[in-house]
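Here's the structure we're looking at; comments come further down.
FYI, it's all coordinate maths here, none of it is from the lab. Values in this document were obtained by computation on a predicted structure and should not be read as measured data. Cβ placement follows ideal geometry from the backbone for every residue including glycine, while neighbour counts extend to all protein chains displayed.
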Amino acid sequence: MGAGRYAPSPSGELHVGNLRTAVLAWLFARSTGRDFLLRVEDLDRARAGAEELQLADLRAIGIDWDGPAVRQSERPEGYRAAIDALEAAGLLYECFCTRRDIAEAPSAPHAAPGAYPGTCRGLGRAERASRRATRPAALRLRTDVVQFTITDVLHGEYTGVVDDFVVVRNDGVPAYNLAVVVDDALQGIDQVVRGDDLLPSTPRQGYLATLLSGLAGDFHGTELPEYGHVPLVLNDQGRRLAKRDGSVTLAQLDHDGVPPPRVRSLLLESLGLPGGPLAAALDSFDPAGLPLEPWVFGGFTADTPGMQ
Ligand code: GLU
C-alpha cells in the first residue's frame, strides 16, 4: 500500500484550519491502511522555530507519522533530477519576465485569463544571453496543452488551466509546483489530501507528473496520486481563517481554557465524526459523507457546546 501525507509550510504556527486539514489527511491515509508521511515544505517562507511548533501541535492532537519528518531543503537531488530530465527533453525555457511584464502583455489568443502569455517562449540564443546580463532567468515548462483533467475523491473530474508555468524561480529555487510533484513521486505518495485552495494548481501538477512519468530517469512510470481537496475553514465573516482571527492556534486556545484534546474532538465533530482519540474515529470515517462546504469557525470557548 502507498502513503498519504501532510506537507505544511513552516511559515508560522498552524491554526485550526490547518489542523483540520491535517486530521483529514491522517484519516484518509490511516483508514485505507496507508503510511502517513510528514514533509516540511521549507523551500519558501520558512520561519525560524515554526517547524518545531507545527510538529509539536500535530502530535498534541494525536497525529502520528511514519519515519522522520523530511524537509524539502534537504532533498535537492530529486529536484535536480527532474529539472535535468525536463531540460534533456527540451521542455524548459528561460523566462526574464517580471510580474509587471506579464500583467501588461497582451494575452495569447485562446489563452485562459492569468495564463503566462508565452513572451519568452521563442527567444533566440543571442537575445537570451543579453537578457541574462540584466536579470537572472526563471525556467518555465514548455507545455503542449492548455488544460488538464485530474480526478478528485471529493470533486470528481476537475479540469483546470495548464500554462507554461515556472518550475525554477529566478533565484534558482525549485518552484512549489515542481517540488510537490517530485517529492510526492519520490516518497511513494499515492494519496494527496490538502486544502481545496490548491485544487486550481492541481491540473498543472498532474500534467507535470504525467510528463515526468513518460521521460527516462528516476520518475519513469510513476503514477498520479489520488487527490482529495478538502474544504477550508472560514472565519465568521466568511473569509479564509487566518492568524489575525484571534484565538485560532492550539497555544492560544489552550491559554483560553480549551486544551488540545478538546480542540481535536471539536474538529472531529465538525466532520460529523465522534470526538475523542483520532483512532476511534477511523471506523466511522467515510469520505463520501464529508461535508463539502467550508466550516465556519467562530471560536471555541469553555462554553462551546460539547466542551464540558
Ligand atoms: N505546503 C503547502 C501549504 O502549506 C501544501 C502543499 C500540498 O499539500 O501540496 O499550503
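Treat each spin label as a single point 7 Å out from the Cα along the C-beta direction, and report the GLU52 to GLN252 distance in nm.
Placing both labels 7 Å along Cα→Cβ, they lie 2.2 nm apart.
Are there cysteines in the chain with no other Cys C-beta under 4.7 Å, and if so, which?
CYS97 - these cysteines have no disulfide-compatible partner (Cβ-Cβ under 4.7 Å) in the chain.
Could you work out [θ]222 nm for the chain from helices alone, using -39500 (n - 2.57) per DSSP H run of at least four and dividing by all its residues? Round to the nearest 500 deg cm²/dmol.
Details: 10 runs with 99 residues, N = 308.
Computed mean residue ellipticity for the chain: -9500 deg cm²/dmol.
Could you tell me the center-to-center distance, by alpha carbons, between the range 213-271 and the range 158-186 in angstrom?
Rounded to whole Å, the Cα centres lie 21 Å apart.
Can you say what percent of the DSSP beta bridges in the chain, counting only those with both residues inside, are antiparallel? Round to 5. All intermediate terms of the calculation are to be shown ahead of the outcome.
Details: 14 of 29 bridges.
Antiparallel: roughly 50 percent of the beta bridges in the chain.
Can you list which of the trypsin sites (Lys or Arg not before Pro) found in the range 26-101 are DSSP loop residues with at most 15 other C-beta atoms within 10 Å?
Details: sites: ARG30, ARG34, ARG39, ARG45, ARG47, ARG59, ARG71, ARG80, ARG99, ARG100; in loops: ARG34, ARG45, ARG47.
Filter output for the range 26-101: ARG45, ARG47.
Between ARG80 and ALA288, what is the spin-label point distance in nm, taking each point 7 Å from the Cα along the Cα→C-beta axis?
Reported label-point gap for ARG80 and ALA288 is 4.8 nm.
I want the local charge near VAL145. Using Cβ-Cβ distances under 12 Å, sum +1 for each Lys or Arg and -1 for each Asp or Glu among the other residues. Mind showing how you got there, number by number?
Working: positive: ARG142, ARG204; negative: ASP144, ASP163, ASP164.
Taking every Cβ under 12 Å from that of VAL145, the sum is -1.
Working from Cα positions, state the angle (0 to 90°, nearest 10) between the long axis of helix 202-214 and the longest principal axis of the chain.
The helix 202-214 is inclined about 60 degrees to the chain.
So which GluC sites (Glu not before Pro) in the range 200-308 end up in coil per DSSP with only 14 or fewer other C-beta atoms within 10 Å? List each step's numbers first, then the result.
Working: sites: GLU223, GLU226, GLU269; in loops: GLU223.
Of the GluC sites (Glu not before Pro), the ones in loops of the range 200-308 whose Cβ has at most 14 other Cβ atoms within 10 Å are GLU223.
How much length is gained if the chain between ASP64 and ALA242 is pulled fully straight, taking 0.36 nm per residue apart and subtracting their Cα-Cα distance, in nm to one decimal? Before the final figure, lay out the partial values.
Working: separation 178, 0.36 × 178 = 64.08 nm, distance 2.47 nm.
Taking ASP64 through ALA242 to full extension adds about 61.6 nm, to one decimal.
Around ASP163, with a cut-off of 14 angstrom between Cβ atoms, what is the net charge of the other residues, counting Lys and Arg +1 and Asp and Glu -1?
+2
Once the other residues with Cβ under 14 Å from the Cβ of ASN235 are scored (Lys, Arg +1; Asp, Glu -1), what is the net sum?
Values: positive: ARG20, ARG239, ARG240, LYS243, ARG244; negative: ASP236, ASP245.
Neighbour charge sum, excluding ASN235 itself: +3.
In nm, give the distance between the simple-model label positions of ALA216 and SER73, each being 7 Å from the Cα along the Cα-to-Cβ direction.
Taking the simple label geometry, ALA216 and SER73 are separated by 3.6 nm.
In degrees between 0 and 90, to the nearest 10, how far off the longest principal axis of the chain does helix 16-31 point, with axes built from Cα atoms?
Its long axis makes an angle of about 90 degrees.
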